[in-house]
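K.L.:
This is the structure, below, for whatever I ask next.
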């Protein structure tokens, strides 16, 4: 495995559907619509991760492996093009890179909250009324709940730092980014949110 393949990968943008008769898929990033072929769209979907890994790491290697297993063609070129166009972002597994990523992107929630569960009061359901899609722990749910009012993921970390300080726990925002990336992966893989460019405030 090359160093490049060990990079974490995240999809960026809001999928807005397939267009006919052109038969291409459209993903909005910021104010721009990006077009994807069927194979490109497959790679973008795979980059979301898998619900089976939960908050685990999802790397370019995993994307290449799954894309190959799915029979997608031209994957290295597709990945390179999507990174260049902003549909995919890679993050080195170190704190500084994670902080830069968090400052560059924000999270937009999708679906609706369905409340916590009777069996596990500290777990929360998201989905549509009568149709749960995902069950999240408290930190992932808090990220989902407040993400729309945060201009960036980094802002979310700073808020968490202040909340924890109020509870007598001293943790720097930079030390919270790793946990936030795990929460983010879970939300993306389950289709409960999407990444977009950070708001400039």
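Here, each number is a calculation from the coordinates, and none is a lab measurement. In this text, all values refer to a predicted model and were calculated from it rather than measured experimentally. We place every Cβ from the backbone using ideal geometry, glycine too, and count neighbours over all the protein chains shown.
K.L.:
Checking the a/c ratio against 1.5 first, then a/b against b/c, what shape does the Cα gyration tensor give for the range 48-184? Provide the component values of the computation, followed by the final result.
P.N.:
Values: a/c = 2.14, a/b = 1.30, b/c = 1.64.
Oblate, because a/c is 1.5 or more while a/b does not exceed b/c.
K.L.:
Let me ask something additional. Which whole-number percent is the relative contact order of the range 4-93 (Cα, under 8 Å, 6+ apart)?
P.N.:
39
K.L.:
In a solvent-free Debye calculation with one equal scatterer on each Cα, what is log10 I(q)/I(0) for the range 106-197 at q = 0.14, 0.20, 0.22, 0.23 Å⁻¹, listed in the order of the q values?
P.N.:
Log10 I(q)/I(0), no solvent term: -0.50, -0.95, -1.09, -1.16.
K.L.:
I need to check one value: relative contact order of the range 106-197, counting alpha carbon pairs closer than 8 Å and at least 6 residues apart, in percent.
P.N.:
34
K.L.:
Compute a Gaussian network model of the chain, connecting alpha carbons closer than 10 Å, and tell me which residue from 65, 183, 39 fluctuates the most.
P.N.:
65
K.L.:
With everything on Cα atoms, drop me the angle between helix 153-166 and the longest principal axis of the chain, reported from 0 to 90° to the nearest 10.
P.N.:
In the chain, helix 153-166 runs at an angle near 10 degrees to the longest axis.
K.L.:
Which of 144, 58 has the fewest other C-beta atoms within 10 Å, and how do the rest follow up to the most? Working shown, then result.
P.N.:
Numbers: 144 26, 58 23.
Listing 144, 58 from fewest to most nearby Cβ atoms yields 58, 144.
K.L.:
Could I ask something else about it? Would you please give the FRET efficiency between residue 77 and residue 199, computed as 1/(1 + (r/R0)^6) with r the Cβ-Cβ distance and R0 = 30 Å, to the nearest 0.05?
P.N.:
E(calc), rounded to 0.05, equals 0.40.
K.L.:
Is the shape of the range 4-93 best called rounded, prolate or oblate, per the rule: a/c under 1.5 gives rounded, else a/b larger than b/c gives prolate, else oblate, with a ≥ b ≥ c the square roots of the Cα gyration tensor eigenvalues?
P.N.:
It comes out prolate by the Cα gyration axes.
K.L.:
So, one more: Subtract the Cα-Cα distance of residue 139 and residue 70 from 0.36 nm times their separation in residues, and report this length gain in nm to one decimal.
P.N.:
21.6 nm
K.L.:
How many percent of all Cα-Cα pairs in the range 46-109 sit more than 20 Å apart?
P.N.:
I get 34 percent for the Cα pairs in the range 46-109 exceeding 20 Å.
K.L.:
Over the chain, calculate the relative contact order: mean separation of alpha carbon pairs under 8 Å at least 6 apart, over the residue count, as a percent.
P.N.:
Computed value for the chain: 25 percent relative contact order.
K.L.:
In what sequence do 55, 162 fall when counting other Cβ within 10 Å, fewest first?
P.N.:
Values: 55 20, 162 10.
Placing the least packed residue first, the sequence is 162, 55.
K.L.:
Next up: Roughly how many whole Å is it from the C-alpha centroid of the range 1-52 to that of the range 147-193?
P.N.:
Answer, in whole Å: 24.
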